1. Does Lys53 qualify as being assigned by TED's automatic domain parsing to the domain that holds Glu31 and either in contact with a strand residue (DSSP E or B) (Cβ under 7 Å, 6 or more places away or on another chain) or at pLDDT 95 or above (or both)?
2. Within the bounds of segment 31-51, is there any residue that is of a type outside the set (Phe, Trp, Tyr), surrounded by 11 or more Cβ atoms within 10 Å (Cβ to Cβ) and within 16 Å of Ile82 (Cα to Cα)?
3. Just give me the residues in segment 1-36 being in a loop (DSSP other than H, G, I, E, B) and either among the hydroxyl-bearing types (Ser, Thr, Tyr) or touching a strand residue (DSSP E or B) at 6+ places or on another chain (Cβ under 9 Å) (or both), in sequence order.
4. His51 is checked against (1) on the phi > 0 side of the Ramachandran plot; (2) touching a Ser or Thr at 6+ places or on another chain (Cβ under 7 Å) and fails just one. What number does that condition carry?
5. For Asp28, work out the one condition from (1) surrounded by fewer than 10 Cβ atoms within 10 Å (Cβ to Cβ); (2) at pLDDT 95 or above it doesn't fulfil.
6. Which of the residues belonging to segment 3-25 are among the small types (Gly, Ala, Ser) and surrounded by fewer than 12 Cβ atoms within 10 Å (Cβ to Cβ)?
Amino acid sequence: MNLLDLKVRILKALSDPTRIKILESLKDGKELCGCEFDEMFDQTQSTISRHLKSLEDADLIISNKVGQKKLYRIKDPHLFEIFATLDQMIKRNKKYKQIVKLQEQITL
């Protein structure tokens, strides 16, 4: 495995809306149990488990078993700098200007 392969692995892990939502829910040092993700998303437990596994395999999250629960957290908070950079790229792109404007109105 080389650096390019690692970049592709991370970008593939980030290429799903549910996985991005999982990561964003772990922002600011939060640690959540797998069962909490089951409640957050309208998906089966096995689907959520596959998403969590994909994020773990890409080394974006780490888990810690506490009793019966498996807790997840972000491995490196620099990940959110990538998200901030993407947000800025999108906001500067004329092609997405209308989408950004609508999104900002919704979140107000």
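The values are calculated or read from the model by the stated rules, or taken from the named source; none is laboratory data. Predicted model, so just to flag it, every value in this text is computed and none were measured. FYI the Cβ positions are ideal-geometry reconstructions off the backbone, even for glycines, and counts take in every protein chain you see.
1. yes
2. Among the residues of segment 31-51, not one is of a type outside the set (Phe, Trp, Tyr), surrounded by 11 or more Cβ atoms within 10 Å (Cβ to Cβ) and within 16 Å of Ile82 (Cα to Cα), which makes the answer no.
3. Ser15, Leu26, Lys30, Glu31
4. The single condition His51 does not satisfy is (1).
5. Here Asp28 clears every test but (2).
6. Of everything in segment 3-25, just one residue is among the small types (Gly, Ala, Ser) and surrounded by fewer than 12 Cβ atoms within 10 Å (Cβ to Cβ), namely Ser15.
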